[in-house]
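**Student:** One structure, as structure tokens, below. Some questions next.
The values are calculated or read from the model by the stated rules, or taken from the named source; none is laboratory data. Here the structure is a predicted model, which means the values were calculated and not measured. Reconstructed Cβ throughout: ideal geometry from the backbone, glycine too, with neighbour counts over all protein chains shown. For the accessible areas, the whole protein counts, side chains as well, though only heavy atoms, and no ligand, DNA or RNA atoms are used. Shrake-Rupley method; radii C 1.70, N 1.55, O 1.52, S 1.80 Å.
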Amino acid sequence: MDYYDIFISVLSSTIRLSIPLIFTALAGLFSERAGIFDIGLEGKMLGSAFAAACVAYLTGSAWLGLGAGIICSVALSLVHGFASITNRGNQIISGVAINFFIAGITIVLGGAWFGQGGRTPQLLPDARFAPIVLPGADAIRGVPVIGPLYANVISGNNILTYLAFLAVPLSWWILYRTRFGLRLRAVGENPGAVDTAGISVSWLRYRAVMCAGILCGFSGTYLAIAQSAAFIKDMSAGKGYIALAALVFAKWKPVPVMFACLLFGFLDALANFMQGKQVPLIGEVPVQIFQALPYILTCILLAGFIGVAIPPKAGGVPYTKER
Amino acid sequence: MAELLRHTPFSYLEPAVTDTPAIELVGIDKKFGAVHANKDINLTVTKGTIHGIIGENGAGKSTLMSIIYGFYHADSGEIRVNGNPVTVKDSQAAIATGIGMVHQHFMLVDNFTVLENIMLGAEGGALLAKGVSSARAELRRLEKDYGLEVNPDALIEELPVGLQQRVEILKAMYRGAEILILDEPTGVLTPAEADHLFKILRVLRDQGKTVILITHKLREIMAITDTVSVMRRGEMVATRKTSETTVEELAELMVGRRVLLRVQKGEANPGKVILSVRSLTVKDNRGVIMVDNVSFDVRAGEIVGIAGVAGNGQSELLEAIAGIRKPHSGEIFLDGQTIDKADPARLRELGLAHIPEDRHHMGLVLKFEEYENSVLGYHRNPGYSKGPLLDLDAIRKDAMEKIEKYDIRPPNPRLKTANFSGGNQQKIVVAREIERDPTALIIGQPTRGVDIGAIEFIHRRIIEMRDQGKAILLVSVELDEIRALSDRILVMFAGHVVGEKTPDAGEQTLGLMMAGIAA
Amino acid sequence: MSTASVPLPNWINYGLIPLLNLFVAFLISGFVVWLIGESPLAALSLLIDGALGSGEGIGFTLYYATSFIFTGLSVAVAIHAGLFNIGSEGQAYLGGLGCALVALALDHYVPWYVTMPVAVVGAGLFGAAWAFIPAFLQAKRGSHIVITTIMFNYIGAALMVYLLVHVLIVPGKMAPETRTFLEGGQLPKLGWLMNLFGAKLGAAPFNVSFLIALIAAYFVWLLIWRTKLGFEMRTLGVSQSAAAYAGIPYARTVMIAMLLSGALAGMMALNPVMGSSARLQVEFVGGAGFVGIAVSLMGRNHPVGIIFSAILFGILYQGGDWISFEMPNITREMILVIQGLVILFAGALEYMFRPAMVRAYQQFKAA
Amino acid sequence: ADVKPALVYGTGGKFDKSFNEAAYNGAEKFKKETGIAYRDFEPTGDTQGEQAIRNFASRGFNPVIAVSFAWTSAIEKVAAEFPDTKFVIVDAVVDKPNVRSVVYKEEEGSFLVGTLAGLASKTGKVGFVGGMDIPLIRKFECGYEQGARSVKADVEVFQNMTGTTGAAWNDPVRGGELTKNQIDQGADVIYAAAGATGLGVLQTAADNKKLSIGVDSNQNHLHPGSVLTSMVKRVDLAVYNGFSDVKGDKFTAGVQALGVKEDGVAAAVDDNNKALITPEMQAALDKAREGIIAGTIKVHDYTTDNACPK
Ligand SMILES: Nc1ncnc2c1ncn2[C@@H]1O[C@H](COP(=O)(O)OP(=O)(O)OP(=O)(O)O)[C@@H](O)[C@H]1O
Ligand SMILES: Nc1ncnc2c1ncn2[C@@H]1O[C@H](COP(=O)(O)OP(=O)(O)OP(=O)(O)O)[C@@H](O)[C@H]1O
Ligand SMILES: [Mg+2]
Ligand SMILES: [Mg+2]
């Protein structure tokens, strides 16, 4: 395997691993930019993965699965909203609660419904989002440099992958070019300003968390019925937290969020690739080092490069005008 | 409606003063839990006038205005606008009826541009692109008409407070406000800025708009309002034509007793140099030089005042002396010792007390109980601790003594500090810093947002300190305060001390120096 | 009129409202149970019976609670200094290494009461050490502590697995774990304590570390509300600018708070490692670090509250086991569901019933 | 005799399509044949495992079977407390008069599937995806490697472990990713020994039209035409025999080490994968089996010295 092949392989792996992070981090972006912290991203992702897998299995349609994933995740967002917006509860507690609840309920219901210990039955190809081969991918494959890049990295992904990359400029556009985005950013910095401008802080924040719900719905769906072919317990495996890290790393901005997620995906892909390989001068390195590598590098990056990331000012604080 | 008003041609003028009430309040009542903030308030504001409202901290002024603006809801009572009863269900409704408000604490988004702040809530469409150009045009018109210049693309956080306030006014005007409420607008302004604001308000009035102005400064009431109402403890106690009342009468109505309006002070007896600043240069967080090669001395038994428009380096100077900000270069001496590398804890040991400019963010921890704040910064002193433990009995006893001595109300050391009014909060800070018997005292904005009764008290204490031979450095944007208290006045402009004057120098002279025009 | 600032008597605030919240959480859990086709009431009685119905059940409940008290205190100490330490899980894991090393080194030579204090120190030191880098990065570089501590949980897991698989494992044994400690490395059970109340501990691993947890809770209370350091931590926790003004050194205070937090998390290891399984195993922490977050928040970050909420979670853990044991249809993850709902209703939605309570109370008073 | 059987699974959970599911199948078979109901429990942690085993014993269940080495010390303790109860532990050895220890020679089974992998590979590169990095999994890997090498001396074996926590048994996404990685590097047969994570391995291999090898249970049916074979480990037999032996009063304590010879481990060939196994592969498989049974082929056990001969 020459270096270019390795590069292509790691690159395509990077993209696959980054997609759920991108959707989830963008979800966090909408929520946190509106001043609602969202530790519950993890739970929403897991919940929507479960819903998507169940519905895709029952109906045999990937798109209905996606719909179910989104509905489930939006419903969880509304719970988070009800706790943290309407009832002014602690947002971190609410998020942690959702994570616990989902981690349990998916297995309890999955176990009761399918009798496979919380797993959903294996999906047939039609019930999944299959890779799309872009035109000319096979023809061009042999062409040096460009060929493998086009055929293996750009082509051959499923529709959700392309949607994730579309979601980035779309989120940017919504945040910075629309009335909704302006208000959303304002409410995360100074809800008083929004309130005195005659805009309902609660409704605005509800819409923001619903946006987060929709995006998480995509990421969960991707996990369950695009990347895998069934729901498996705890399949989000901490990606929600990594997405949060990416969000902080990107200082709550959409395009940097994408790059941060790609970076995390890359570290992960690299760690997978390097496992069991001989490292020059050192020899074979224990797998655990490579497994810990993305996390170690994250800390190094956080320590060395981004300095202090300032979250939206009103983040985490319930809005009250009457104390 | 707002849309319609905004496009009303500028030339549309009403007779300057009519007898139609712009706003009538009938029996407005509001409780916050146990606090009865507004008690059965009746008020009539005549169209085309400037109506002042005064009252001590916590009298209920802001609450009342917020009710008019739809920000709070009255528990009972009626609001009439132009004679018609209205239900102001939210601020949007208030805006629609032509009410605009500039809040005491600005309601701006710091990391937005001026333009974005002004457009917020009045974007003119789901996409921003369309609204932006028309907003720019409208802004330019408003700026021209009212002399409200401000760069629409500047970020709020980079603007001085004076300009931020302009943005607030522009926001209201942009929404077509016919009735403009300003809650303590001059608290953060220099005399010149305040004068400019008043000019604008007069222009507005002459165009038939109605202005409601809340302030603690009687001088301003006398200077600009047509009518003035006084609130005390949630009640509306009096309304007077400004031309028919006096400062003394208003002060008495406000506090419910006679107050002394001028500080009594004798000659200073300056002793040896206590605090000495040599070629001090200080940068702010962004790395911009805010204090540039400044040198001065403060002697025992004198008050040196630093006058200047906010943002000219006074804050950074104070912070550098207090050890909170590392100086870039230069030296600071306290009683002959270099202190430019000492931290605030060490400085307190050396006898430097500091009353900070911002009591909410620095001087106090609002979530703490009063007694905890009464030792903040001194909690390591032997009198307050036993080994690693705090001596709570001693601390609470000490707090109670200060409460009595400084008449801090309510006299409850276990009350959360946030629940004290601004004036009483300031007294907590002053008591803590003064009662340690320091050798030098640096003070920033000692009476910002504090009512007359408390101002009188704090000023007296500062003079007493001087007479006990303390070296006092006083920074204030209130020129009156500087002139009343200081024995010498240094004027700061753009990081430099541009000159030294005695307190009998005219306001005009000082004002010009503060603007960087004269030296 | 807003009801938020209307004062209510303590028995409503700290008694009735939390009970009401718990009730709703259990109601919804019951609904889930019903959905699966089991009887909610039977499940509830199993829960209570399993957790509190026998000396052994109580012993297990308190055993779990012991771990949660430690991790809850760990989270609370950090929160008071304004730091959200999500790393208790990893710190506890490393704490296990510290206490296991002590036990392995001493168990041949000395009785448990000599090993124990050294193990407390060892567990604390290792836990603190694992908090050191995130603390340092926060203090000196401003790196977000939430994220660095999450990262250190993963790094800690990798490190521990490496050590257990390659270094500490007993050669020829399948399980990646250390050898079993001798008597001198095991904490005695608290059977006598149960006997005082006329109950039998049975096989429950309720052990001396419970007492250490209570002592730790007392010291945390003392630290936070009675010491100069605690005062400084609390000041920093609510206002960084006021702390700077008061001369409270940011970096030092952050470091100390995190090291203490890490040490408390590390001491949690005493309970499972020396108190129960008598050896260091992979993943012995089992999520107790994360439960600590919930415990601390539910206990209002106050040691007394933490002890109570730790016991509540202990009941959920033990009782939940019982339910899943007796009702094979209900998997053990039902605990997570209940736990999530309890956190939601007692934590995030704690004020949901307040307005109604205020109204009822005022009517009651008027009548 | 009186039989009141109980079964305690490993932490992977009953329906992992693999190890625990095999145990479940054994119990089900017993139930079907005898009509005797059994109780089972899925603990998720150490304390619960011990508690469950003790609960069963104290309620008069007999035998109590615990699958997974994780319950070694639990069985040690509880077996001493209940000397009249029979216990079976799978995958570990407990030396007690009332405990039967069933261990498998996974290296032998893995050797068999390794030979098939070596022959089936066109690229000369095969892969292995393990769950958590523990000696047991190394043992699988080492046997596999030896088997592949026995038929193709220069075969290249890629190996990956999924993770460092228990989640590694339940992370099919990463399992799939590691598989994709190995495929990109040229591997065309991938052996999964990773619990539920293996499902992701099998799925990815199927998605990429490559071959995979299942583990513990017969997983050939999961992706017919793509799963080359499965290294079945007859945990079902251990459970079934444990139950029946107590029923028929034939229970014996002591260690049962089940290898190829005892039919404890095998490479599954059935209708689902018949088409993939060429006659020469079948021949090689048979030869290897015979060699192992005869003792002419010695498969090195990783756990004896924590090393794998290269
Ligand atoms: N949001 C609130 N929640 C609860 N109580 C409040 C709130 N706002 C004001 N209060 C109470 O209402 C009283 C009136 O407060 P208000 O802010 O109207 O006074 P004010 O006259 O504007 O004082 P100041 O001059 O200090 O601005 C205060 O004493 C306070 O106790
Ligand atoms: N939680 C609270 N409960 C009851 N009253 C409060 C509470 N918080 C603030 N107040 C009261 O509200 C009044 C107005 O508060 P505000 O924050 O405007 O302070 P202020 O007196 O205007 O000081 P400043 O001018 O420095 O802001 C104060 O008198 C204070 O006593
Ligand atoms: Mg006010
Ligand atoms: Mg005020």
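**Student:** Working only within region D:52-97, note down all residues that are in contact with a Pro (Cβ under 9 Å, 6 or more places away or on another chain), open to solvent by less than 10 Å² (accessible area, probe 1.4 Å) and farther than 23 Å from D:A22 by Cα.
**Tutor:** D:A79
**Student:** Which numbered condition trips up C:P355, out of (1) within 11 Å of chain A (Cβ to nearest Cβ); (2) closer than 25 Å to C:N153 by Cβ; (3) in a helix (DSSP H, G or I)?
**Tutor:** If we test C:P355 against (1) within 11 Å of chain A (Cβ to nearest Cβ); (2) closer than 25 Å to C:N153 by Cβ; (3) in a helix (DSSP H, G or I), just (2) comes out false.
**Student:** Where in region B:454-519 are there strands (runs of 3 or more DSSP E), lying wholly inside it, with at least 3 residues that are in the same structural domain as B:R278 (by the TED database) and closer than 30 Å to B:I403 by Cβ?
**Tutor:** Details: elements: B:471-475, B:488-493, B:496-501.
Passing ranges, in order: B:471-475.
**Student:** Right, here's the next one. Across region B:99-111, what is the number of residues that are surrounded by fewer than 22 Cβ atoms within 10 Å (Cβ to Cβ) and away from ligand 1 (no atom under 16 Å from the Cβ)?
**Tutor:** 2
**Student:** For region B:365-406, how many residues are more than 13 Å from C:E232 (Cα to Cα) and under 29 Å from the mean Cα position of the chain (by Cα)?
**Tutor:** Total meeting the criteria: 14.
**Student:** Has region D:130-148 got any residue that is among the small types (G, A, S) and open to solvent by 10 Å² or more (accessible area, probe 1.4 Å)?
**Tutor:** Within region D:130-148, none of the residues are among the small types (G, A, S) and open to solvent by 10 Å² or more (accessible area, probe 1.4 Å).
**Student:** Name the pairs whose Cβ atoms lie under 6 Å apart, with the first residue in region B:62-79 and open to solvent by 30 Å² or more (accessible area, probe 1.4 Å), the second within 16 Å of ligand 2 (Cβ to nearest atom) and in a loop (DSSP other than H, G, I, E, B), and 6 or more positions between them or separate chains?
**Tutor:** Close Cβ pairs (under 6 Å, with a partner that is within 16 Å of ligand 2 (Cβ to nearest atom) and in a loop (DSSP other than H, G, I, E, B)) amount to B:S62/B:Q104; B:D75/C:M1.
**Student:** Could we say that D:G175 is modelled with pLDDT of 90 or more, within 21 Å of D:Y9 (Cα to Cα) and within 14 Å of chain A (Cβ to nearest Cβ) here?
**Tutor:** No: the conditions fail for D:G175.
**Student:** If you don't mind, there's one more thing I want to ask. Go through region B:232-243 and report how many residues are within 16 Å of ligand 3 (Cβ to nearest atom) and outside any strand (DSSP E or B).
**Tutor:** Residues meeting the conditions: 2.
**Student:** Here's something else I'd like to know. Look through region C:102-121, keep the residues that are hydroxyl-bearing (S, T, Y) and in a helix (DSSP H, G or I), and return whichever of them is surrounded by the fewest Cβ atoms within 10 Å (Cβ to Cβ).
**Tutor:** C:Y113
**Student:** Let me ask you something else. Within region B:421-452, can you find the residues that are away from ligand 4 (no atom under 12 Å from the Cβ) and either open to solvent by 10 Å² or more (accessible area, probe 1.4 Å) or in a loop (DSSP other than H, G, I, E, B) (or both)?
**Tutor:** Those that are away from ligand 4 (no atom under 12 Å from the Cβ) and either open to solvent by 10 Å² or more (accessible area, probe 1.4 Å) or in a loop (DSSP other than H, G, I, E, B) (or both): B:K427, B:E435, B:R436, B:D437, B:P438, B:T439, B:Q445, B:P446, B:I452.
**Student:** Based on this model, can you work out whether B:L389 counts as within 14 Å of chain C (Cβ to nearest Cβ), over 29 Å from B:V277 (Cα atoms) and within 16 Å of ligand 1 (Cβ to nearest atom)?
**Tutor:** no
**Student:** Turning to a different aspect of this structure: Please determine, by comparing only the residues of region B:174-196 that are more than 16 Å from ligand 1 (Cβ to nearest atom) and over 19 Å from B:G516 (Cβ atoms), which one is surrounded by the most Cβ atoms within 10 Å (Cβ to Cβ).
**Tutor:** In this case the residue turns out to be B:A177.
**Student:** May I ask you to say which residue of A:G110, A:G142, A:G117, A:G156 is closer than 30 Å to D:P43 by Cβ and either at pLDDT 80 or above or surrounded by fewer than 19 Cβ atoms within 10 Å (Cβ to Cβ) (or both)?
**Tutor:** A:G110
**Student:** Please go through region B:202-231 and pick out each residue that is open to solvent by 10 Å² or more (accessible area, probe 1.4 Å), more than 16 Å from ligand 4 (Cβ to nearest atom) and not in a loop (DSSP other than H, G, I, E, B).
**Tutor:** If the condition is that a residue be open to solvent by 10 Å² or more (accessible area, probe 1.4 Å), more than 16 Å from ligand 4 (Cβ to nearest atom) and not in a loop (DSSP other than H, G, I, E, B), then B:R202, B:V203, B:R205, B:D206, B:R219, B:M222, B:A223, B:T227 are the ones that fit.
**Student:** For region B:392-410, name all the residues that are within 16 Å of ligand 1 (Cβ to nearest atom) and either open to solvent by 20 Å² or more (accessible area, probe 1.4 Å) or without any contact (Cβ under 8 Å) to a residue 12 or more places away in the chain (or both).
**Tutor:** Those that are within 16 Å of ligand 1 (Cβ to nearest atom) and either open to solvent by 20 Å² or more (accessible area, probe 1.4 Å) or without any contact (Cβ under 8 Å) to a residue 12 or more places away in the chain (or both): B:R409, B:P410.
**Student:** Kindly indicate whether B:L139 is at pLDDT below 90, open to solvent by less than 10 Å² (accessible area, probe 1.4 Å) and away from chain A (no Cβ under 14 Å).
**Tutor:** Taking the combined requirement at face value, the residue satisfies it.
**Student:** Taking region B:57-71, which residues are within 12 Å of ligand 2 (Cβ to nearest atom) and in a helix (DSSP H, G or I)?
**Tutor:** B:K61, B:S62, B:T63, B:M65, B:S66
**Student:** Out of B:K144, B:K199, B:K171, I need the residue that is of a type in the set (K, R), away from ligand 1 (no atom under 16 Å from the Cβ), within 14 Å of chain A (Cβ to nearest Cβ) and in a helix (DSSP H, G or I). Which one?
**Tutor:** Working: B:K144 fails: within 14 Å of chain A (Cβ to nearest Cβ); B:K199 fails: within 14 Å of chain A (Cβ to nearest Cβ).
Checking each option against the conditions leaves just B:K171.
Okay, residues lined up against (1) under 19 Å from A:K239 (Cβ atoms); (2) within 23 Å of the chain's Cα centre (by Cα); (3) in a helix (DSSP H, G or I):
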| site | (1), (2), (3) |
| --- | --- |
| A:A56 | no, yes, yes |
| A:I93 | no, yes, yes |
| A:T106 | yes, yes, yes |
| A:W113 | no, no, yes |
| A:P135 | no, no, no |
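So that you can scan it fast, the table gives a plain yes or no per residue for (1) under 25 Å from A:Y319 (Cα atoms); (2) away from chain C (no Cβ under 14 Å):
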site: A:R205; (1), (2): yes, yes
site: A:A208; (1), (2): yes, yes
site: A:T221; (1), (2): no, yes
site: A:L244; (1), (2): yes, no
site: A:K253; (1), (2): yes, yes
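**Student:** Condition first: more than 10 Å from every other protein chain (Cβ to nearest Cβ) and either outside any strand (DSSP E or B) or open to solvent by less than 10 Å² (accessible area, probe 1.4 Å) (or both). Now tell me which residues in region B:27-36 satisfy that.
**Tutor:** B:I28, the sole residue that qualifies.
**Student:** Only one residue in C:S309, C:S296 is in a helix (DSSP H, G or I), polar (S, T, N, Q), within 11 Å of chain A (Cβ to nearest Cβ) and touching a residue at least 60 places away in the same chain (Cβ under 8 Å), so which one is that?
**Tutor:** Just one listed residue meets the conditions, C:S296.
**Student:** Considering only region D:8-22, I want to know if a residue exists there that is small (G, A, S), within 20 Å of A:T120 (Cα to Cα), in contact (Cβ under 8 Å) with a residue 40 or more places away in the chain and outside any loop (DSSP other than H, G, I, E, B).
**Tutor:** yes
**Student:** Quickly run through region B:202-233 and pick out the residues that are free of Cβ contacts under 8 Å to residues at least 60 places away in the same chain and β-branched (V, I, T).
**Tutor:** Correct list: B:V203 only.
**Student:** Can you tell me which residue within region D:16-46, out of those that are in contact with a Ser or Thr (Cβ under 9 Å, 6 or more places away or on another chain) and open to solvent by 30 Å² or more (accessible area, probe 1.4 Å), is farthest from the other protein chains (Cβ to nearest Cβ)?
**Tutor:** This residue is D:E33.
**Student:** Is there any pair linking a residue in region B:491-519 that is among the charged types (D, E, K, R) to one that is surrounded by fewer than 16 Cβ atoms within 10 Å (Cβ to Cβ), with Cβ under 9 Å and at least six apart or on different chains, and which?
**Tutor:** From residues that are among the charged types (D, E, K, R), the pairs are B:K501/B:T509; B:E507/B:D480.
**Student:** Any idea which of B:V35, B:V26, B:V81 is within 15 Å of ligand 1 (Cβ to nearest atom) and either assigned by the TED database to the domain that holds B:V203 or modelled with pLDDT under 90 (or both)?
**Tutor:** B:V35 is the lone residue from the list that is within 15 Å of ligand 1 (Cβ to nearest atom) and either assigned by the TED database to the domain that holds B:V203 or modelled with pLDDT under 90 (or both).
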